[in-house]
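Since every read-out is calculated from the coordinates, none of them should be taken as a lab result. The shown structure was predicted, so the numbers you read here are calculated from the model rather than taken from an experiment. Every residue, glycine among them, receives a Cβ derived from its backbone with ideal geometry; neighbour counts consider all protein chains shown.
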Amino acid sequence: MGDSRLPGFYKLSREERVRAVAAFSGLSDDEVRMLLGGYGLTPEEADRMSENVIGLLQLPLGVATNFLINGRDYLVPMAIEEPSVIAAASNAARVARVKGGFRASADRSLTLGQIQVVGVPDPHAAVQRVLEHREELLRIANDTNPTLLRVGGGAVDLSGRVIDTERGRMLIIELLVDTKDAMGANTVNTMVEEIAPIVEELAGGRVRLRILSNLATHRMARAWAVFDAEAAGGRDVVEGILDAHAFAAADPYRCATHNKGVMNGVVAVALATGNDTRALEAGAHTYASLGGRCRPLTRWELNSAGDLVGSVEMPMAVGTLGGATSSHPVARLSLRILGVRTAQELASVMAAVALAQNFAALRALVKEGIQRGHMKLHARNLAVMAGATPDILDEVVRRLSELKRVTYDDAVRIVGEVRSSAARAGGSDKS
């Protein structure tokens, strides 16, 4: 692995960027051709992955630069259509490098499966009856996946609790499974379905649901970093970020948008690596609302030197094996670029990206507002929407970028002006 600090990376042509990533990650010629050709998933592969397939939807795949995590450099693949996200993450990671980059860690890949039992006349006693057979139930669960057991994973614990609901008391039996480097949904669902009939007989009620929980509080990832006050933009910017955090902590409407900014980074990396974005979103937003109110997923505070210290802790159920992570060729390539060896390492990287994304969003908000940088990067999209053809696109984008505010109406006007100017120049040449 090389140095992820790649000054001027965004100024390179797409081919030059691919070559730089290939050199950093040691990509093969075939992998380089895949990126340069813009292909990956074939219609035939897509037809095997989903139902009623009629085509493919592609998203831009970029890399965030500058990430130094636990002393190691990473280029981070991110799949996202929203302008400025990748640039913002790269810039935040550059600021974090000043004080040594990010420190990050993640828990074991422990995933919770739940079995719902209804109609139990003595639910508290039923918990004890089920738990008396704990070892037997763990063995039966593990018999469904001997491969996982051989690599040191498998079902590791069984517990039970009684909950009060609008439909009366219910017994919930919970199976905890170490899924190692897989996200583990299919594995856990198979295990709870296998032991459910025995649980039903022991409990004396009727089993309803048998499925994993996406509130992955046993799979927490965390990251923290010191952002040098001067590199962040000065004392006023630091104070502004602290005020913004306090706003999110006190107001659910702001908190929702604050956490959306965190998830911009998480979801983009998840998409790039073939992980389950819906599970991650569900887990993160539910975790943020534990206790009855929405809380920011990040925290911001000052250290004794006056620098900004950011931290994040959130559920991160991701994998490097199984599902689309293994079957999608671009997801496999993204993992090659990232160079992670385990699901825990991937979760750690994603936590660092989450923190970087939040820092970048808050800094933009307290400085010039989110739209300035966002709309400048959006100028190319607006130019194309306004009818700019390839021969005038660069000039239209250049002129749009000089404006204080960039709007679609501006794009239409400038396209017309540039087109007229080109036509007049063409006429002059002919004469």
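Taking other Cβ atoms within 10 Å as a rough exposure proxy, HIS258, HIS124 sort from fewest to most as HIS124, HIS258. Using θ = phi - 60° in the Karplus curve 6.51 cos²θ - 1.76 cosθ + 1.60, the 3J(HN,Hα) couplings for the range 412-422 round to 4, 4, 5, 4, x, 5, 5, 5, 5, 5, 5 Hz; x is entered for Gly and Pro. In a DSSP loop and with at most 13 other Cβ atoms within 10 Å, the chymotrypsin sites (Phe, Trp or Tyr not before Pro) in the range 9-88 are TYR39. Computed from Cα atoms, the angle from the helix 370-385 axis to the main principal axis of the chain rounds to 70 degrees. Fully extending the segment from ASN52 to ARG72, taken as 0.36 nm per residue of separation minus the present Cα-Cα distance, adds 2.9 nm.
The angle between the Cα long axis of helix 390-401 and the longest principal axis of the Cα atoms of the chain comes to about 80 degrees, rounded to the nearest 10. Computed from phi, the 3J(HN,Hα) profile of the range 228-238 under the Karplus parametrisation 6.51, -1.76, 1.60 (θ = phi - 60°) reads 3, 4, 5, 5, 6, x, x, 4, 5, 5, 4 Hz, with x in place of Gly and Pro. Counting only alpha carbon atoms, the long axis of helix 134-143 and the longest principal axis of the chain meet at about 50°.
Taking trypsin sites (Lys or Arg not before Pro) across the range 137-234, the ones in a DSSP loop with at most 12 further Cβ atoms lying within 10 angstrom of their Cβ are ARG167.
The dipole here belongs to the range 77-140: it is taken about the Cα centre, uses +1 on the Cβ of Lys and Arg and -1 on the Cβ of Asp and Glu, and is about 540 debye. When +1 charges are put on Lys and Arg Cβ atoms and -1 charges on Asp and Glu Cβ atoms, the dipole computed for the chain relative to its Cα centre reaches about 980 debye.
At the listed q of 0.14 Å⁻¹, the Debye profile of the range 80-226, built from one uniform point per Cα, gives log10 I(q)/I(0) equal to -0.72. Annotation: the residues LEU209, LEU176, LEU346, LEU382, sorted from fewest to most other C-beta atoms within 10 Å of their own C-beta, follow the order LEU209, LEU176, LEU382, LEU346.
Legend: ranking of residues GLU194, GLU166, GLU402 from fewest to most surrounding C-beta atoms inside 10 Å; resulting order GLU166, GLU402, GLU194.
Applying 1/(1 + (r/R0)^6) with R0 = 45 Å to the Cβ-Cβ distance of SER401 and ASP29 gives a FRET efficiency near 0.80.
Per-residue ellipticity at 222 nm, computed for the chain from helices alone with -39500 (n - 2.57) per DSSP H run of at least four residues, works out to -16500 deg cm²/dmol.
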